[in-house]
Amino acid sequence: MASVGAALRELRGAQKSAKGVSLYSRFVNRPAGRYLAAGSYVIGLTPNQVTLISAAFSFAAVASVALVAPSWGLGPAVWAALAVGFAFDSADGQLARLRGGGSAAGEWLDHVVDCAKITALHSCVLIAFYRFPEEYGTGPDGWLLVPLAFQFASVVTFFGGLLTEKLKPKAAPGTPAAAPSTLRAVALLPVDYGVFALVFLLLGGGEVFRWAYTGFGVVAGLFLLAFLAKWFRELSAVRR
């Protein structure tokens, strides 16, 4: 059985391109996922099992948002579970590459869990706004539209990005990957899932959380418009 150190050394040479990846994912989440992938490899876990571990952490966190009254103690617990779930989400693909490549079923499972996680997260915030109106200051029903709008922007961004990658022509084998842009990596931080998860540290602040969450939602909507324009322009240049 390979050691964790040997698995880490092999993984360092099997990383995906950093192009279009935010600084958080590049320097925090992917390295954390690399350690989790190496440990999972040594103990014999499969990529699908790692995906399900990611789902367990993520869904436990989002369920807590909906079911438990907000407090300063709940916030760090929710953030930690979301962050660990996100790291395992990075680990499953790295583990698949370490084992010699993933499967179509594994990729399908990963994307389905990601989509379910995004949908459930904003749904549970909506439930929390409805169940605890005094704590969040969400008495007027109009505030319930904020998680719905945020969910719309997140799901369309996820699906649009996924479909764009499928429709764009693949680079020829052996083509060197384009150098990542630091400016772009910084610009993408507000819509990085790992950065967004930090907002749940403010759960105990009630209205502070509501406004911070709303701010991220507005940014997500603006980025969606920019992404849609970019993706449509790129695909318009593709010859059938």
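The values are calculated or read from the model by the stated rules, or taken from the named source; none is laboratory data. For clarity, every value in this text was computed on a predicted model and none was experimentally measured. Cβ placement follows ideal geometry from the backbone for every residue including glycine, while neighbour counts extend to all protein chains displayed. Note: accessible area is taken over every heavy atom of the protein model, side chains too, but ligands, DNA and RNA are not part of it. Shrake-Rupley method; radii C 1.70, N 1.55, O 1.52, S 1.80 Å.
Extending 7 Å from the Cα toward the beta-carbon at both Val42 and Arg131 defines two label points whose distance is 3.9 nm. Taking Cα atoms, how many degrees apart are the long axis of helix 30-43 and the longest axis of the chain, rounded to 10 and kept between 0 and 90? Approximately 70 degrees, to the nearest 10.
Axis of helix 47-67 versus longest Cα principal axis of the chain: the two differ by about 10°, to the nearest ten degrees.
Pick out which of Val21, Val68, Val195 has the largest mean-square fluctuation in a Gaussian network model of the chain, springs linking Cα atoms closer than 10 Å. Fluctuation is largest for Val68. Here the stretch 137-210 is assigned +1 on the Cβ of each Lys and Arg and -1 on the Cβ of each Asp and Glu. Its dipole about the Cα centre then comes out at about 380 debye. Using C-alpha pairs under 8 Å with a sequence gap of at least 6, the mean separation divided by the residue count of the chain gives a relative contact order of 29 percent.
Between Ser236 and Arg12, what FRET efficiency follows from the Cβ-Cβ distance if R0 is 51 Å, with the result rounded to 0.05?
Details: r = 38 Å, r/R0 = 0.74.
Calculated value: 0.85.
Near Val21, no amide H atom lies under 5 Å from its own; only residues 5 or more places off or on other chains count, and H is placed 1.01 Å from N.
Using the alpha carbons of the stretch 104-240, what is the convex hull volume per residue in cubic angstrom, as a whole number?
Working: hull volume 19.3 nm³, N = 137.
Per-residue hull volume (Cα only) is 141 Å³.
Given a Förster distance of 30 angstrom, what is the FRET efficiency for Val156 paired with Gln49, based on the Cβ-Cβ distance and rounded to 0.05? Provide the component values of the computation, followed by the final result.
Details: r = 30 Å, r/R0 = 1.01.
With R0 = 30 Å, the Cβ-Cβ based efficiency is 0.50.
Within the listed set Leu11, Leu144, Leu225, the residue fluctuating most in the Gaussian network model of the chain (springs between alpha-carbon atoms under 10 angstrom) is Leu225. Full extension of the chain between Ala226 and Leu183 yields a length gain of 13.9 nm, computed as 0.36 nm times the residue separation minus the alpha carbon distance.
How much net charge surrounds Ser58 when only other residues with a Cβ under 12 Å from its Cβ are counted (Lys, Arg +1; Asp, Glu -1)?
-1
Each of Lys166 and Thr119 was given a label point 7 Å from its Cα along the Cα-to-Cβ line. The distance between the two points is 1.5 nm.
Treating only the Cβ atoms of Lys and Arg (+1) and Asp and Glu (-1) as charged, compute the dipole magnitude of the chain about its Cα centre; round to the nearest 20 debye. Intermediate values should be presented prior to the final figure.
On the way: 20 positive and 13 negative charges, 239 e Å.
So the dipole magnitude of the chain works out to roughly 1140 debye.
On the basis of the beta-carbon distance and an R0 of 25 Å, Asp141 and Val218 show a calculated FRET efficiency of 0.80. Ligands, DNA and RNA excluded, the heavy atoms of Ile118 present near 30 Å² of accessible surface to a 1.4 Å solvent probe. Based on Cα contacts under 8 Å between residues 6+ apart, the stretch 73-201 shows a relative contact order of 42 percent. In this structure Phe27 has an accessible area near 130 Å², from a 1.4 Å probe over the protein heavy atoms.
For Ala56 and Ala149 in one chain, what is 0.36 nm times their gap in residues minus the Cα-Cα distance, to one decimal in nm? All intermediate terms of the calculation are to be shown ahead of the outcome.
Working: separation 93, 0.36 × 93 = 33.48 nm, distance 2.55 nm.
Difference between extended and current length: 30.9 nm.
The GNM of the chain, with springs linking C-alpha atoms under 10 angstrom apart, assigns the highest mean-square fluctuation among Gly93, Gly194, Gly160 to Gly160. By the compact-protein rule of thumb, 2.2 N^0.38 Å, the alpha-carbon radius of gyration of the chain corresponds to a ratio of 1.07.
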